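Here is the structure we will look at, set down as structure tokens.
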Amino acid sequence: MKTIALLGQPNSGKSTLYNALTGAHQRVGNWPGKTVEKAEGDFFYKEQLFRIADLPGSYGLTANSEEEVVTRDFIERGNADLVCLIVDASQLERSLFMLADFAGIHCPAMLVLNMMDVAKENGKTIDVAKIESLLGIPVLGFTASDDAEYPKFYETLEKAVENPRILSAEGIRKIADAVKDSSVERLESLLDGADFGVREHFWVASKLLENDPLVMAEVRATVSPDRFAEVEAVLKSEKSAGGLITGEAKYRWISEILRDSVVEKKNVVKLSRFDKIATHRIKGKLLAFGIMFVTLIGCMVLALPGMMIGFGLMSVSGPVVHSISESLGIWPVLESFVNGVLIGGLGLTICMTSFVFAIVFVFALVENVGYMARFSYVFDSWLSRLGLHGKAIMPLFSGLACTAGAACGTRVLDMRGQRLFAMVLLWGIPCGAKLSVVLFLATAFFGSAAPLFALVFLILIFASFYLSSKIFGGKLLPLEERVGMIMELPPYHKPQWKALLKMVGRNTWSVFKKALVIIVSASLIFWALSYSSDGNVENTVLYTIGNAIEPVTKLFGMRWQLFVSYLGGVFSKEASLGIMSTIFGSTDTAFSLISRDDAGANLAEVLSAAVSKPEALAFVFASMFNVPCVLAMGSTYREANSLKWMFAIMGYYFAISLGLAFVAYHVGLLIF
Amino acid sequence: MKNSTLGDLKVDQTGVVCKIHGDSRFISRIISIGLTPNSSFTVLQNDGRSPVLVYCRDTIIAINRKECAQIEVSL
Ligand SMILES: Nc1nc2c(ncn2[C@@H]2O[C@H](COP(=O)(O)OP(=O)(O)OP(=O)(O)O)[C@@H](O)[C@H]2O)c(=O)[nH]1
């Protein structure tokens, strides 16, 4: 097996290539000890197994963020048999910086000049053979989005593997050392005699000059203390400007290579009319909100067929299973199990997955055409206060529709820390169902004071953002990684429908599988807890537990009836109302979570009669920050790729919601 | 014009980067995205509040206002 590392700047087409090569044979995990996602995939070519590691994207190889550390580590340890660098041919000069940063690491390499179609469109003629002869490694002109181009890719890959070529940093070194009394040269001589594995001394000296923390530590451990003192003296004389010296040398080297191999016509640049609006401080935000609204509606429309299948399945299967079990004379408990757990769970999973599909699809489309960066640009000033990237606005906003879908939408964020933090915030944003339940309860208990609750809820949501950033921000979004926006706004692309649909399909399928496990297990637990042979609530385990811990839950202002309803809300928002209507209302509907009847129209009356004001206050507040629902748990688990994180977020929201209930109850006791 | 920074330029003005100040983390970021001393650029948008948009090395780059003040340019 040959291991190939994919290395390229953001937007170079790395994902497109990776997905096309590995298709469904991909695995996502975590790099050990890091909050960075690890993506690997396999493919066969001529009966040879290739493993591709999709290294986290960055613009260069200096180890400033965790992503960059992971990428660097993988490459400098010589873990790869071949490093495949992918660059954007329509912006060669800038894109090749990654190659220049890589030069000097003695690992076999090949270079893919992607987006040749765009380069051609922009009037660029690129002499690939010339670049290949100048660099001394295999170079391929390529269009990753065109299936017909792949045979060429495999050929070059084969050549690169059979005849490994190394990219030396000699060209850059000559340029850097041409300066009189160059500090790179001095540093390099100080490193004499030390062993840095696959890395040239010049490369190590450059990284020293760029103040790379990992290389610094490594050199300190390798050379004698006297030598290191000299190294530090050189670095001190350059202060932080060392990176400018090597940076300039790298770009000079690049332009030397491109001087004779690229012909382009100079064109005047202006912001396109659309971009003028899209990046406008006010119009841009309005446009973005407009697009998000359309997206939400689009999501609903796209999700509708799935929801219909899901709910249809549940309502059709009920009577069918009933008649089958009756004619066969099977135990009624089995019928309830099949209906409640198996079919109910499957139906719910289908409903949820359709939402997820819709959100993932629309987000991927927005990202694919290149509009996402404009989102970031206009919303950065808002979200950077929380330490988030501007594009987090998309998933957060869609959280108003469906927390589960929005959790999958956090994929648009590039760093895992950002994704996890966005999910933490997301759980505090009420989805449509939660909002309607909270407002229903507020109206039922407090009538015309309900708008006040809406206002308080809104304030509390922002307060929860603040709390979350205090609690989770430090770990997930390290302060030193939060820098002011320096971001590329990539050119717009035509959407690549086929690749897009494949990607969305794969993602949705994997969400479906994970969600099914979680939802069926949760359904099973709830079913077991709430099963009673005669439909009487007092014969359920839930009742027994609720009753037993009532002394504790009463502290939070919840009698067993209310606490059980609260727990039902963990399953789904509607379940919470369903339970209340059974417990407090007429008892002719059988007590069940999944095949529930609609909350009775008179539920409001019944509730306000049965529940005291302080209890009601506690319950409304508890419901505001209750855990979203099992579906959201399922997709959070899938996106975070960690049960630990899902439970951490869950525990956090339980604490907030019970804390609020506690305060509300005791304040309520005082005022009412 | 002496000592202007990136944030002072108006739309459609073209300039050359003279000096970049800041810690090495900032410098490494700005270099890797393509802005180096002696590179020329065109300002595409500068509304006085949002990050400045410049066109440099075939792409549009958005740079936060505070960071713009660390980039010395000449016309
Ligand atoms: N015209 C054209 N478009 C391409 C080509 N390769 C990729 N694209 C498009 O370019 C955009 C960016 O491609 P990605 O594969 O997402 O780029 P990436 O390097 O993985 O970027 P990140 O996901 O941000 O790391 C997508 O819209 C692709 O469909 C190509 O060869 N030609």
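The values are calculated or read from the model by the stated rules, or taken from the named source; none is laboratory data. These figures come from a predicted structure and were not determined experimentally. For neighbour counting, all protein chains shown are included, and Cβ atoms are generated from backbone atoms with ideal geometry for every residue, glycine included.
Sub-9 Å Cβ pairs linking a first residue in region A:1-26 that is closer than 22 Å to A:L92 by Cβ to a second residue that is charged (D, E, K, R) and within 6 Å of the ligand (Cβ to nearest atom), at least 6 apart or interchain, are A:L6/A:K14; A:L7/A:K14; A:G8/A:K14, ordered by first then second residue.
Would you pick out the residues in region A:134-175 that are in contact with a Phe, Trp or Tyr (Cβ under 8 Å, 6 or more places away or on another chain) and hydrophobic (A, V, I, L, M, F, W, C)? A:L140, A:F142, A:F153, A:L157, A:L167, A:A169, A:I172, A:I175, listed by residue number.
Among the residues of region A:354-411, those that are within 16 Å of the ligand (Cβ to nearest atom), aromatic (F, W, Y) and either under 27 Å from A:P478 (Cα atoms) or within 14 Å of chain B (Cβ to nearest Cβ) (or both) comprise A:F363, A:Y371, A:F375, A:Y377. Take B:V54 and decide whether it is in contact with a Phe, Trp or Tyr (Cβ under 6 Å, 6 or more places away or on another chain) and more than 7 Å from chain A (Cβ to nearest Cβ). Spelling it out, B:V54 is indeed in contact with a Phe, Trp or Tyr (Cβ under 6 Å, 6 or more places away or on another chain) and more than 7 Å from chain A (Cβ to nearest Cβ). Of all residue pairs spaced 6 or more apart or on separate chains, those with beta-carbon atoms under 8 Å, a first member in region A:491-502 that is basic (K, R) and a second member that is in a loop (DSSP other than H, G, I, E, B) and within 7 Å of the ligand (Cβ to nearest atom) are A:K494/A:V369.
I'm checking my understanding of the structure. Among residues of region A:459-483 that are modelled with pLDDT under 90 and aliphatic (A, V, I, L, M), which one is surrounded by the fewest Cβ atoms within 10 Å (Cβ to Cβ)? Going through the qualifying residues, I end up with A:L479.
For region A:415-433, the criterion of being farther than 23 Å from A:G651 by Cα, within 14 Å of another protein chain (Cβ to nearest Cβ) and either over 17 Å from the mean Cα position of the chain (by Cα) or in a loop (DSSP other than H, G, I, E, B) (or both) is satisfied by no residue at all. Just checking, does region A:404-413 include any residue being surrounded by fewer than 24 Cβ atoms within 10 Å (Cβ to Cβ) and among the basic types (K, R)? Yes - at least one qualifying residue is present in region A:404-413. When residues in region B:57-68 are screened for being at pLDDT 90 or above and more than 7 Å from chain A (Cβ to nearest Cβ), 1 of them pass. Scanning region B:28-35 turns up at least one residue that is more than 7 Å from every other protein chain (Cβ to nearest Cβ) and within 9 Å of the chain's Cα centre (by Cα).
Among the residues here, A:M352 qualifies as at pLDDT below 80, under 23 Å from the mean Cα position of the chain (by Cα) and within 30 Å of A:T16 (Cβ to Cβ).
Residues that are in a helix (DSSP H, G or I), within 13 Å of A:F228 (Cβ to Cβ) and either within 14 Å of another protein chain (Cβ to nearest Cβ) or modelled with pLDDT under 90 (or both) within region A:190-215 comprise A:L208, A:V215, listed in sequence order.
Residues of region A:484-525 that are in a loop (DSSP other than H, G, I, E, B) and either away from every other protein chain (no Cβ under 14 Å) or buried (at least 17 other Cβ atoms within 10 Å of the Cβ) (or both): A:G484, A:M485, A:P490, A:P491, A:K494, A:P495, A:Q496. Restricting region A:448-490 to residues that are within 16 Å of the ligand (Cβ to nearest atom) and in contact (Cβ under 8 Å) with a residue 24 or more places away in the chain, the residue that is farthest from A:F379 (Cα to Cα) is A:P490. Here A:L271 clears all of (1) facing chain B (nearest Cβ under 9 Å); (2) in a helix (DSSP H, G or I) except the condition numbered (2). The listed residues are A:E218, A:E256, A:E238, A:E264, and the only one of them that is away from chain B (no Cβ under 14 Å) and either modelled with pLDDT under 90 or surrounded by fewer than 18 Cβ atoms within 10 Å (Cβ to Cβ) (or both) turns out to be A:E256. Among the residues of region A:211-229, none qualifies, meaning not one is among the charged types (D, E, K, R) and in contact with a strand residue (DSSP E or B) (Cβ under 6 Å, 6 or more places away or on another chain).
Being surrounded by 18 or more Cβ atoms within 10 Å (Cβ to Cβ) and farther than 21 Å from A:L396 by Cβ is a property that A:C299 lacks. A single member of A:S58, A:S133, A:S90 is at pLDDT 90 or above and within 14 Å of chain B (Cβ to nearest Cβ), and it is A:S90.
Name every residue in region B:1-49 that is surrounded by 20 or more Cβ atoms within 10 Å (Cβ to Cβ) and among the β-branched types (V, I, T), in order of residue number. Once the filter is applied, which keeps residues that are surrounded by 20 or more Cβ atoms within 10 Å (Cβ to Cβ) and among the β-branched types (V, I, T), region B:1-49 yields B:V17, B:I20, B:I27, B:I30, B:I31, B:I33, B:T36, B:V43. Among the residues of region A:2-36, write down those that are among the hydroxyl-bearing types (S, T, Y), away from the ligand (no atom under 16 Å from the Cβ) and either closer than 28 Å to A:P490 by Cα or modelled with pLDDT under 80 (or both). Across region A:2-36, the qualifying residue is only A:T35.
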